[in-house]
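As C-alpha cells, the structure follows; a few thoughts come after it.
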Amino acid sequence: MHFAAVALQEATRSYDKLYDYIVPERYRECVQPGMRVIIPFGPSNRLRTAYIINLHSDNNENENIKYKEIHEIVDHEPLLTEEMIKLVLWMKKRYFCTYGDAIRAMLPSGINLKKQVYIRITSSFDDYIRQNNTILNSEQKKLLNKIARKSQGVLKENIVSDEESSDFIKGLFDKGILEEFEQFGQIVTEKTVKAVRPVISKEEFDFLVERGRIRSIYPVRIMDVLYNEEYCTLQDLTLISGVSYSTVRNMVNKGWIEYFDFELERDPFTDLIIERIEKPVLTEEQLTAVNNILPLLEERKLHEVLIHGITGSGKTEIYLNLIEAAVEKGRTSIVLVPEISLTPQMVSRFKGRFGDRIAVQHSRLSHGERYDQWRKIRAGEVDVVIGARSAVFAPLTNIGFIIIDEEHELTYKSENTPRYDARHIARARCNINGAVLVLGSATPSLETYYRAQKGKISLYTLKNRPNYLPLPEVEIVDLREELKAGNRKIISRRLEEELVKNKEKSEQSIIFINRRGYASFLLCQECGYVLKCPNCSITLTVHSYDKLAVCHYCGYSRPIPVICPECESQNIKPFGTGTQKVQEELENHPAGFKILRMDLDTTQGKHGHRKILEAFKNKEADILLGTQMVAKGHDFPEVSLVGILSADSFLFSSDYRASERTFQLITQASGRAGRGSVSGRVILQAYNVDDYAIKAGIAQDYEMFYNAEILMRQKFISPPFCHIGVIIVSGENEGDVKTSINRLKGKILARYKANRGFICSEPLPCPVSMIRNRFRWRIIIKMASLNKMIELMNYTVDIYDKLAVKGTSLTVDIDPASMV
C-alpha cells in the first residue's frame, strides 16, 4: 500500500500535523511530493485541500487505523519543489506557524484552491418551464435563463443576491428543478476578472465626505484608487487599499461604484522604460570585490558576503557582474530590494543587461501577473528574479547568488503570519543550494556588521564613488536657533534659500520627512482635548486632502472637527508636521515650486510609485517630497540638494534601534544628492543636534557610529549580544489579558529561568496599549541562544490555549521589526 503524508492548507496549530492518506491505484504513476490534493477530512469526511509533503510505503502501517484515500490530485506538476518542502518544515518550527501559513508565503496569492458552490439545472427543468412560463415574472425568468445558459453551472454567490431570489431558488431546490454541487478552483486562472469602476463623480463623492456621511477611511481609499486609476480589478483593489470585499459590495449597493468584467493584463513590464547603458569599467574596489566573490560559487557551499559601500559607490554594478558570471555557469539568482518603489529602477537596469530572462515578484502585481511570472520561474525560463521581500521564495533551481540590497532595512521582516525574515530565508536557501548570500548596504545593520567584524562573514568595502565625486556636504540647522530668530515655518531659512537657488539653476531637490498626513494630532488650546481613535490608544492623524482625521492602526476616520467636541471652542488646531503640510507650505512659496509627493497616500495605485518616479526623472517637478520611500536607493543624476526635516524624530522612540534608524536615514537620504555630474549638498534640520547618531550622520562616518552604538548595545544587553523575544496577549477584557499573560510568565520562568543569559520582563501594557478595541500586554524576553529562544516560543504557543482565559489571543515574535 502506498501512502502520502499531507499537510492541510487551512488548519489551526492544535491539529496542524501530517496526515497519512492512501494513494489510489489510478494516481500512483503520477503522484509527487509538492502536489495539491483534495482529501476527505474529519468525522464528516468534508473535502479539504492539502499538500503532499512526502510519499512512503506501508512499512509502518498501523493496523488499528482505518486510512482514507485521496479523493483527487489537482496538479499535473508539483507546485512545491523539494527545496520548498524543506523550507516549509523549517519555517513551521522557526516562525511558529502552520504548514499552510508557510506554504501560502511561498506561492502567489490567489493560487490556493477555493471551494465554491455552483447551481445547475436538472432534467426536470424543461418541464417546469413549460408548465410555469406564464406565472414566472421577468426577474425570475432572467435568473433561470442565466443558470440554464451555463451547463457547467453558475456560482451560487453570483445568483443569490437578495432575500427574494434566495427564497425562489430554495423552492426550486426543494422541487428538484435545480441542484447544488461543490467544486475546487483557482480564481487566478480566469481569463477575465471582476473589476470595479466609479459611478459617481469625484465632486459628488467629495460632497458626501464634507457632509460627514462617510465615517470610515476605507471608502475614501477605494475612491482615491479608482479616481486615479479609472478602474481596478477587485482583487487588486482590496490588496492596494487594504479593504474587505464586503466594503466594496456595500459601496456597489449604494451606487457609488459598479462591477464589470475586465480582461486581465498579465505583463508587469508594460510601459517600463528599459535602461540600456554601456557596461562600465569597474573601479579597483569593485573589481577586488567581484574577483574575490566569484570563486566562492565553485565551492558549492553557503558563503556570506557583506559589501559595505558608501552611497553611490556602485554596488549595483557589482551585483550585475556577479549575476552575469553565474548565468554563464548555468546558475540562477535572486535580487531583493526593500521597497516596491525600487523595483522598476532595478528591473530596468537588469533587463537592459539580461533581456527577457528576468522575472519580478512583489505584492503590487495583479494576481494574474504574479501567477504568470511565477509559472515562468517554475518552468525554468528565468535566470534572475527581482522583487521585494516575498521574492525570496521564487521557485528557482540551482541558485548561485541571493543578493539583498539595503540589507539593513526592516521591511525585510514580515509583520504578518508567518513573521519571517527574508534575510534568514535567503540564508537557508543558500545553504540548501550551496550558494553565495551577498548583503549590500551603505549602512549595514549592527548585527550584520558585528558578524563581519568577528570574521563570520566576508567584508568588502567601497569607499569611493565611480565618478570620483565627493560625498555631499552636510550642513546642520539647529531648529532651536530658528525659533529664536522668529522662524516658525517648517522649512528653515537656510533650506529655503538653497531650494530657491536649485530652482533657478534648473537642478532638482529631494525633501525627506518621516511622517505622512498633514499633522500628527488635533489639540484644543482652550481645554487641552486631543482627538483620539475610539478603538485604539492613539491620536488621529490629520489628512487635509481627504478632510479626515484618520487612525493609521485600524482605519477609523471622521471629518476634521471645526469646534472642540469637549468644550465647543473653535480654538482646535492641528499640531505636528507631515508630508501634506510641507507640500502646502512649499506650494504657497513665491518661487512657484512644482512638487511631487511620494508617500503611502499617493502611491496606492498599482503603478503609483513608477508614475511619480518617472515624472520626477523627466523633470516634471522641482522637488520630490516624501517619507522613507524617497530615501532609499533611488538614483537621480539631476538631484543636487537634499533637505532632511525632523532628522531627530526617531530618537524619541522606545525602540532599541532608534539611534541606528536615525543614522541610517540621514546617511541614506543624504546619498540621494550629487550622484550625477553636479556636487551634492544636504541641509539637515533637527533640535537634538548633539546626539552621536546625528553627528555621525552628518560626517557620514559609519565606523564612528558603529563604535559608539555597539558599546550602548553591549551595556544594555541588546542585539547583537542577545535575541529579543516579544510575547503579546490581547483581548477585549483587560483583566483576562493580565491573567493570561501572568500565567504564561509563570510557566516560562519555571522552565527557562536557569538558562544562560535569560532575562524576562514584567508583564506591561504595549506602547500602543489598545488596537481595534483589544487591550495589549506584553513580556519581553532576552536570551543569548537563538535555538533556545525558538524552543521557548514554540513551547509558549503550544501551552497557551490550555492556560489562557477564553477570548484572548497570543502573538509571538523573535527580533521583531517594531517594538510597538
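The values are calculated or read from the model by the stated rules, or taken from the named source; none is laboratory data. Quantities reported herein were computed from a predicted structural model and do not represent experimental measurements. Heads up, the Cβs are rebuilt from the backbone with ideal geometry, glycines too, and the neighbour counts pull from every protein chain shown. In case anyone asks, the SASA skips ligands and DNA or RNA and just uses the protein heavy atoms, side chains included. Shrake-Rupley method; radii C 1.70, N 1.55, O 1.52, S 1.80 Å.
Some observations on this one:
- Filter result for Lys175 (in contact (Cβ under 8 Å) with a residue 24 or more places away in the chain, surrounded by fewer than 20 Cβ atoms within 10 Å (Cβ to Cβ) and more than 29 Å from the chain's Cα centre (by Cα)): yes
- Residues that are closer than 15 Å to Glu482 by Cβ and either open to solvent by 10 Å² or more (accessible area, probe 1.4 Å) or in a helix (DSSP H, G or I) (or both) within the stretch 492-508 comprise Arg493, Arg494, Leu495, Glu496, Glu497, Glu498, listed in sequence order.
- When restricted to residues that are open to solvent by 50 Å² or more (accessible area, probe 1.4 Å), touching a residue at least 40 places away in the same chain (Cβ under 8 Å) and outside any loop (DSSP other than H, G, I, E, B), the stretch 459-491 contains 6.
- Long-range neighbours under 7 Å by Cβ, at least six apart or interchain, first residue closer than 11 Å to Ile510 by Cα within the stretch 635-650, second buried (at least 24 other Cβ atoms within 10 Å of the Cβ) and of a type in the set (Lys, Arg): Phe636/Arg672; Val639/Arg672; Val642/Arg672
- The stretch 311-363: number of residues that are hydrophobic (A, V, I, L, M, F, W, C), surrounded by 23 or more Cβ atoms within 10 Å (Cβ to Cβ) and touching a His at 6+ places or on another chain (Cβ under 6 Å): 0
- Residue match in the stretch 520-532 (condition: among the acidic types (Asp, Glu), over 27 Å from Thr662 (Cβ atoms) and open to solvent by 40 Å² or more (accessible area, probe 1.4 Å)): yes
- Residue among Leu87, Leu80 that is open to solvent by less than 20 Å² (accessible area, probe 1.4 Å), part of a helix (DSSP H, G or I) and of a type outside the set (Phe, Trp, Tyr): Leu87
- If you go through the stretch 751-780 and pick out every residue that is on the phi < 0 side of the Ramachandran plot and either free of Cβ contacts under 8 Å to residues at least 24 places away in the same chain or in a loop (DSSP other than H, G, I, E, B) (or both), you end up with 11.
- Filtered by the rule that a residue be touching a Gly at 6+ places or on another chain (Cβ under 6 Å) and more than 12 Å from Val385 (Cα to Cα), the stretch 345-374 gives a lone residue, His367.
- Lys454 meets the conditions (1) under 30 Å from Asp356 (Cβ atoms); (2) at pLDDT 95 or above in every case but one. The failed one is (1).
- Residue satisfying condition, being more than 29 Å from Ile694 (Cα to Cα) and without any contact (Cβ under 8 Å) to a residue 60 or more places away in the chain, within set Tyr529, Tyr553: Tyr529
- The residues of the stretch 587-603 that are buried (at least 19 other Cβ atoms within 10 Å of the Cβ) and out of contact with any Leu (no Cβ under 7 Å at 6 or more places or on another chain), listed by number, are Asp599, Asp601, Thr602, Thr603.
- Odd one out for Arg713 among (1) surrounded by fewer than 20 Cβ atoms within 10 Å (Cβ to Cβ); (2) more than 16 Å from Glu473 (Cα to Cα); (3) of a type outside the set (A, V, I, L, M): (1)
- Criterion applied to Ile119, Ile135 was being of a type in the set (Val, Ile, Thr) and either within 18 Å of Ala11 (Cα to Cα) or surrounded by 16 or more Cβ atoms within 10 Å (Cβ to Cβ) (or both), and the one residue passing it is Ile119.
- Those residues of the stretch 226-237 which are under 16 Å from Ser201 (Cβ atoms), in a helix (DSSP H, G or I) and in contact with a strand residue (DSSP E or B) (Cβ under 8 Å, 6 or more places away or on another chain), in sequence order: Leu226, Tyr227
- Residue check, Ile727 among the β-branched types (Val, Ile, Thr), open to solvent by 20 Å² or more (accessible area, probe 1.4 Å) and either out of contact with any Lys or Arg (no Cβ under 6 Å at 6 or more places or on another chain) or closer than 30 Å to Tyr556 by Cβ (or both): no
- When residues in the stretch 730-754 are screened for being within 21 Å of Asp798 (Cβ to Cβ) and either open to solvent by 10 Å² or more (accessible area, probe 1.4 Å) or β-branched (Val, Ile, Thr) (or both), 16 of them pass.
- Reported count of residues in the stretch 696-740, each being more than 20 Å from Leu684 (Cβ to Cβ), of a type in the set (A, V, I, L, M, F, W, C) and in a helix (DSSP H, G or I), is 4.
- Selection count, the stretch 239-284, where residues are in a loop (DSSP other than H, G, I, E, B), modelled with pLDDT under 90 and among the polar types (S, T, N, Q): 2
- Condition check for Thr134: of a type outside the set (Gly, Ala, Ser) and modelled with pLDDT of 80 or more: no
- Spans of helices (runs of 4 or more DSSP H) in the stretch 102-198 with at least 2 residues in contact with a strand residue (DSSP E or B) (Cβ under 7 Å, 6 or more places away or on another chain): 138-149, 156-159, 163-174
- Tallying residues that are among the charged types (D, E, K, R), farther than 15 Å from Val248 by Cβ and touching a residue at least 12 places away in the same chain (Cβ under 8 Å) within the stretch 207-222 yields 2.
- Identity of the residue in the stretch 283-306, free of Cβ contacts under 8 Å to residues at least 40 places away in the same chain and within 20 Å of Thr332 (Cα to Cα), that ends up most open to solvent (accessible area, probe 1.4 Å): Glu298
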